[in-house]
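Rule-based calculations on the coordinates, nothing more; no lab input. All of these numbers come straight from a predicted model, not from anything done at the bench. Here the Cβ positions follow ideal geometry from the backbone for every residue, glycine too, while neighbour counts run over all protein chains shown.
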Amino acid sequence: MRRLPVRQLGWTALIAGGVVVGGLLLPYALLPSYHYPPPTPFAGREWYNPYAGMRGAWHQMALHDHGLTCCSLVEERRSDEAMAAYYHALGYDVALVSDHQRFSYLPGPRIYEHGMNVLKTHQLVIGARDIDWIDFPLLQSTDDKQYVLDRLRAEAVLVGLAHPKIRNGYSFDDLRRLTGYDFMEVLHEDVSYEQWWDAALSAGRLSWATGSDDAHGTGRPSKMGLSWTMLRGFSTEADALVSALRQGWSYAVKGQRGVNDVQLRDVAIRGDTLVVATDPGALSFTFVGQGGHVRSVVHASSRASYLLRPEDSYIRTVVRTPRTTLYLNPVVRTPGQRPAMARAVPALAATWGLRAALLSTLLGLTWALRRRERPTRGARLSARAPGRRRPRRVAA
Ligand SMILES: [Zn+2]
Ligand SMILES: [Zn+2]
């Protein structure tokens, strides 16, 4: 076998390193800067109640979990089916698998978990035609996160923020600014991320709560059935589930082994009063508002009400029962219809300014390298050994 000279090996390693670093940095070069709508609490004379007009029955759903196989189609199918079988045995009506960068083989809405970065800024993507492979693998600014959300949203039906707390994947400051997502994983395993949700809601960013185990395989039963999502509708067909999740006919539950002891019956606004009704068996109803502040706690078994105050921008309810905690979606102030989340828009001047700065830095570095490589005239002269001088021609 022919051995590569050391110098050639060095160049090969340099080029390979350049390709890897270039691949890691490319998404950063694509990135636009954004203008974010200012964080503004919900306002208006009317109240928007996502549960108004809900119909059908409640369905218990596992939304975010992993089959834990890779690179063998047979094994992937088997692991998806094993996850679904486990959740169905616990009593769930719908069991989805949302693997990293892969659609599962199960029937139902197409869902996957997007994100290939060290700080675990992940998204749950529902109804996308294809998997999106663009991500920012190292640090992520708010602009990076907004860019990913916009890319995913353009191709999907619904996008949610997964486990916002883990490694500070979404900081409070991010959540006061980011736009363009539909739901947030407020319950993850047995941990509540209410503060993250309240940071977004208090800034007028409306999203609905989901709960998930994020279980990886069926090997740790103690990690399964801790958090789940309840969706209301006439069926468990994909369209009905997506529609319920879009409208906010849903709530998140924390419990044990997937057991619902009490289910939500109704959320209504009568005049200036919010009324929440459940099956009998609840212990307390906690009403939470702007800034995540607790406005009122009512100890009751199946019904509680809250007098909406002029300073309230949103009110969400947490129902505690002997075995579970229910996190209901908020009612929010609005001037009219459903409050739409204002969208961040790319800031063109800043975007092209940044790209121009990157390009000129790259060109400058290349020029400096080439200049280092080229020997100066003095070095060329001194490099000539006396014995190798050309013999002077003598005229004949
Ligand atoms: Zn994740
Ligand atoms: Zn996950």
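Give the Rg (one decimal place) followed by the Dmax (whole number) of the stretch 79-126, computed from C-alpha coordinates and expressed in Å.
11.9, 35
What ranking, highest mean first, results for peptides 195-202, 70-77, 270-277, 320-327 when packing means the other Cβ atoms within 10 Å averaged over each residue?
The peptides rank, most packed first, as 195-202, 320-327, 270-277, 70-77.
Can you list the lysines whose alpha carbon sits under 20 Å from that of Lys120, skipping same-chain ones fewer than 8 residues off?
Lys145, Lys165, Lys223
Can you show me the helix-derived [θ] at 222 nm for the chain, built from DSSP H runs with n ≥ 4 at -39,500 (n - 2.57) apiece and divided by the number of residues, rounded to the nearest 500.
-9500 deg cm²/dmol
Provide the descending list of Cα extents for the stretch 70-189 along its principal axes, expressed in whole angstroms.
Over the stretch 70-189, Cα extents along the principal axes are 40, 27, 25 Å.
Given the C-alpha centroids of the stretch 22-94 and the stretch 181-210, what is the distance between them in whole angstrom?
Cα centres, the stretch 22-94 to the stretch 181-210: 12 Å.
Against the longest alpha carbon principal axis of the chain, how many degrees, from 0 to 90 and to the nearest 10, is the axis of helix 142-155 turned?
That works out to roughly 70 degrees.
Along the principal axes of its C-alpha atoms, what lengths does the stretch 220-323 span, in descending order and rounded to whole Å?
Here the spans come out as 44, 32, 27 Å, largest first.
Please report, for the Cα atoms of the chain, the Rg to one decimal and the Dmax as a whole number; what are they, in angstrom?
28.4, 121
Could you work out the relative contact order of the stretch 157-296, using alpha carbon pairs under 8 angstrom and six or more residues apart, expressed as a whole percent?
With pairs under 8 Å counted, the relative contact order is 19 percent.
May I ask you to derive the relative contact order of the chain, considering only C-alpha pairs under 8 Å and at least 6 residues apart, and to give it as an integer percent?
Relative contact order, the chain: 19 percent.
Quick one: Debye curve from the alpha-carbon atoms of the stretch 182-273 only, equal weights, vacuum; give me log10 I(q)/I(0) at q = 0.16, 0.26 Å⁻¹ to two decimals.
Debye output, listed in q order: -0.77, -1.31.
I'd like to compare 136-149, 215-228: which one has the highest average count of other Cβ atoms within 10 Å, and what's the full order after that?
136-149, 215-228
With axes computed from alpha carbons, what is the tilt in degrees of helix 348-373 against the longest principal axis of the chain, rounded to the nearest 10 within 0 to 90?
Around 30 degrees separate the two axes.
More than 27 Å apart: what percent of Cα pairs in the stretch 46-256 qualify?
Within the stretch 46-256, distances greater than 27 Å cover 26 percent of Cα pairs.
Quick one: check the C-alpha center-to-center distance for the stretch 337-353 versus the stretch 128-171, whole angstrom.
So the two Cα centres are separated by 16 Å.
Amide H to amide H, which residues 5 or more places from His59 or on other chains are under 5 Å from it, using H placed in the peptide plane?
Long-range HN contacts for His59: Leu231, Arg232, Gly233.
Taking every DSSP beta bridge with both residues inside the chain, roughly what % is antiparallel (nearest 5)?
80
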